[in-house]
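Undergrad: Structure in structure tokens, see below.
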Ligand code: MF3
Ligand code: ZN
């Protein structure tokens, strides 16, 4: 297994990035489950472990995706990216995902110079081959058709209607040599081919470095196998420039470079660094302090991404960083799969904007949806090992019968009962009275803490939240077995013992659920009067001292009436 436990104790700082979304549309639950929620859960967890963490994200403003969005909205790429940048940022914040910086590759003042410097350094080292090759061309529009300007059939797996840069189904990169039946997105016409000059990075030269990195990287098993498979097939040359008028100009004097821009997948990951510089300028007063995070053995970098970004982060980006030489390679790349979608009574299908098979974050929030309920519903089906299915109707059941019935109800019944029948504060208990059942309960709590810690260290967030919910069920069973409402009449002292056990459990849940349910655990902590130190991960299973005053319990997960309930 991974050795992250060791890493945490070795006191390193951790820089966490989440894939920079194209600023060409709104975010839906698939995006959140893929990259943003896992990165947020992990960052919150590490912070509770006392690790010095910085989180970096922002919009990916360049590339054909933006030009197409601008055409569709009769706008400009700059305006479109500014618009969706703001909407994406608001949606993320709305569900409690607050990156330390949410930058924008088209507006970060460090980004263009850094990307050009990066390209120039690789150029000066002779990493690029300048070559004329045939690229797709739309004669009617007199325009080259890079990447998503072309759609066609994947030559690897046969999936139809794929973007010209990458197949959504098999994840492989496509180019004119493998895409079939290619049509221009601009005119709908079959494409022609035309010669044009570009700068190619020969990835095969970095094969050994990438393989070496892969062996040491913290990465899920399926990702490792997938990338190994790609390496076994052999790496090829990739053009790092494009014929496009939106993006970062190719920084070469060469007349052939005129009017060309860097490939968006060249500049976008550099956005992790330029955004870190903007953050360092803000926090440290000096953008170059970002080097302490990118170029230091005191820091580990983790990239959180969705499966479609795998090649770019585990091969091309690693090759780029190895070639450039000034930065450390990432310690890990954490890849999640896609989320499929299932409407009640319908088949499972892909999430798609045009077919309306998605839940949009902004709509969910505007409809009064609680951030934590969505976070929970996505974490408990997290597509960590394979694709999983999101069913919007599940949100109601997850809220009512899992969160509400198990966790919310537990807090409610324990605190309510104690205040009304026992004492206005957390009761003191006599350890001499601990029964076997009590000791067993304490051991279960302890074990849950250990197991969940191991899961969190291994990026198994779905297992962690599943175990925490299961622990909530154990607590409810313990309450039912102890039946304090009966016991209080015959043995008040023993009742206090049971309650003390349960308050320890409530404290544990208030701490261990914090990476998943930030708003709700805030309320839990308030109800139990937890101090900042008591809320640290290491303190999760230490007992809650007696004598603390209890406030009126809050409803943690208000019941949601399912559509049709009242009819
Ligand atoms: N914009 C890409 C996407 O949405 C992700 C870019 S990640 C980065 O798929 F590394 F390039 F930033
Ligand atoms: Zn394919």
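Undergrad: How far is it, in nm, from the label point at residue 474 to the one at residue 491 when both lie 7 Å from their Cα along the line to the Cβ?
TA: A separation of 2.2 nm, rounded to one decimal place.
Undergrad: Using Stokes-Einstein with the Kirkwood hydrodynamic radius over Cα pairs, what translational diffusion coefficient do you get for region 15-155 at 4 °C and a viscosity of 1.567 mPa s, in µm²/s rounded to a whole number?
TA: Stokes-Einstein gives a translational diffusion coefficient of 74 µm²/s.
Undergrad: Then there's this: Starting from the exponent 0.38 and prefactor 2.2 Å, build the expected Rg for region 97-155 from its residue count and divide its actual Cα Rg by it.
TA: In units of the 2.2 N^0.38 Å rule of thumb, it is 1.69.
Undergrad: Express the relative contact order of region 1-101 as a whole percentage, based on alpha carbon pairs under 8 Å and six or more residues apart in sequence.
TA: For region 1-101, the relative contact order is 36 percent.
Undergrad: In addition: Using a basic spin-label model with each label point 7 Å from the Cα along Cα→Cβ, how many nm lie between residue 79 and residue 561?
TA: Roughly 4.3 nm, to one decimal.
Undergrad: Given a cut-off of under 8 Å on Cα pairs at least six residues apart, what relative contact order in percent is computed for the chain?
TA: 16
Undergrad: Could I ask something else about it? Which log10 I(q)/I(0) values does region 451-567 give at q = 0.12, 0.15, 0.23 Å⁻¹ under the Debye formula, counting every alpha carbon as one identical point scatterer?
TA: -0.53, -0.79, -1.38
Undergrad: Shifting gears a bit: For residue 394 and residue 253, what does the FRET efficiency come to when R0 = 45 Å and r is the distance between their Cβ atoms, rounded to the nearest 0.05?
TA: The pair residue 394/residue 253 has a calculated efficiency of 0.20.
Undergrad: What spacing in nm lies between the two simple spin-label points modelled at residue 451 and residue 421, each 7 Å away from Cα in the Cβ direction?
TA: A separation of 2.9 nm, rounded to one decimal place.
Undergrad: In vacuum, with every alpha carbon of the chain counted as one equal point scatterer, what does the Debye formula give for log10 I(q)/I(0) at q = 0.05, 0.06, 0.07, 0.11 Å⁻¹? Two decimals, please.
TA: Treating every Cα as an identical point scatterer, log10 I(q)/I(0) equals -0.25, -0.35, -0.47, -1.02.
Undergrad: Apply 1/(1 + (r/R0)^6) to the Cβ-Cβ distance of residue 72 and residue 142, taking R0 = 30 Å, and write down the FRET efficiency to the nearest 0.05.
TA: 0.90
Undergrad: log10 I(q)/I(0), Debye, Cα-only region 299-408, no solvent, q = 0.12, 0.16, 0.21, 0.22 Å⁻¹?
TA: For region 299-408 at q = 0.12, 0.16, 0.21, 0.22 Å⁻¹, log10 I(q)/I(0) is -0.58, -0.85, -1.14, -1.20.
Undergrad: Please determine, in degrees from 0 to 90 and to the nearest 10, the orientation of helix 207-216 with respect to the longest principal axis defined by the Cα atoms of the chain, where the helix direction is its Cα long axis.
TA: 0
Undergrad: Helix 111-124 sits at what angle to the longest principal axis of the chain, using alpha carbons and giving 0 to 90 degrees rounded to 10?
TA: 50
Undergrad: What number, in percent, do you get for the relative contact order of region 43-103 if the mean sequence gap of Cα pairs under 8 Å and at least 6 apart is divided by its residue count?
TA: RCO, region 43-103: 41 percent.
Undergrad: Quick one: Cα centre-to-centre distance for region 428-472 and region 11-63, in angstrom?
TA: Using only Cα atoms, the two centres lie 28 Å from each other.
Undergrad: For region 170-226, how big is Rg over Rh, using alpha carbon atoms and the Kirkwood form of Rh?
TA: On the Cα set of region 170-226, Rg over Rh gives 1.14.
Undergrad: Next question. For region 394-526, what is the convex hull (Cα atoms) projected area averaged across all directions, in square nanometres?
TA: If I average the Cα hull's projected area over directions, I get 8.3 nm².
Undergrad: So how tilted is helix 492-512 from the main axis of the chain? Cα-based, degrees 0 to 90, rounded to 10.
TA: Long axis of 492-512 versus the principal axis of the chain: about 10 degrees.
Undergrad: Right, another one. Work out how much length residue 296 to residue 159 would gain on full extension: take 0.36 nm times their residue separation and subtract the Cα-Cα distance, in nm to one decimal.
TA: Difference between extended and current length: 45.0 nm.
Undergrad: In Å³ and rounded to a whole number, note down the convex hull volume per residue for the Cα atoms of region 242-381.
TA: Per residue, the Cα convex hull of region 242-381 comes to 201 Å³.
Undergrad: Considering only DSSP beta bridges whose two residues both sit in the chain, what percent are antiparallel, to the nearest 5?
TA: So the antiparallel bridges in the chain amount to around 55 percent.
Undergrad: Let's test the formula: R0 of 30 Å, r as the Cβ-Cβ distance of residue 289 and residue 232. What FRET efficiency results, to the nearest 0.05?
TA: My answer for the efficiency is 0.15.
Undergrad: Could you order peptides 122-132, 181-191, 22-32 by the average number of other Cβ atoms within 10 Å of their residues, highest first?
TA: 22-32, 181-191, 122-132
Undergrad: While we're on this one: So how far, in whole Å, is the C-alpha centre of region 282-298 from the one of region 245-269?
TA: 27
Undergrad: Report the full-extension gain for the segment residue 546 to residue 117: residue separation times 0.36 nm, less the Cα-Cα distance, to one decimal in nm.
TA: 148.4 nm
Undergrad: Once you have the Cα-Cα distance between residue 405 and residue 554, take 0.36 nm times their residue separation minus that, and quote the gain in nm to one decimal.
TA: In short, 52.2 nm is gained.
Undergrad: Go ahead and collect, in residue order, the members of region 539-564 whose backbone nitrogen is under 17 Å from a label point 7 Å along the Cα-Cβ direction of residue 363.
TA: 563
Undergrad: Could you please state, rounded to a whole Å, how far the C-alpha centre of region 308-383 is from the C-alpha centre of region 524-557?
TA: So the two Cα centres are separated by 33 Å.
Read the figures in this text as sums done on the coordinates, not as results from a lab. Predicted model only: the values in this text are computed from it and were never measured. Positions of Cβ are generated from backbone atoms using ideal geometry, with glycine treated the same way; all protein chains shown enter the neighbour counts.
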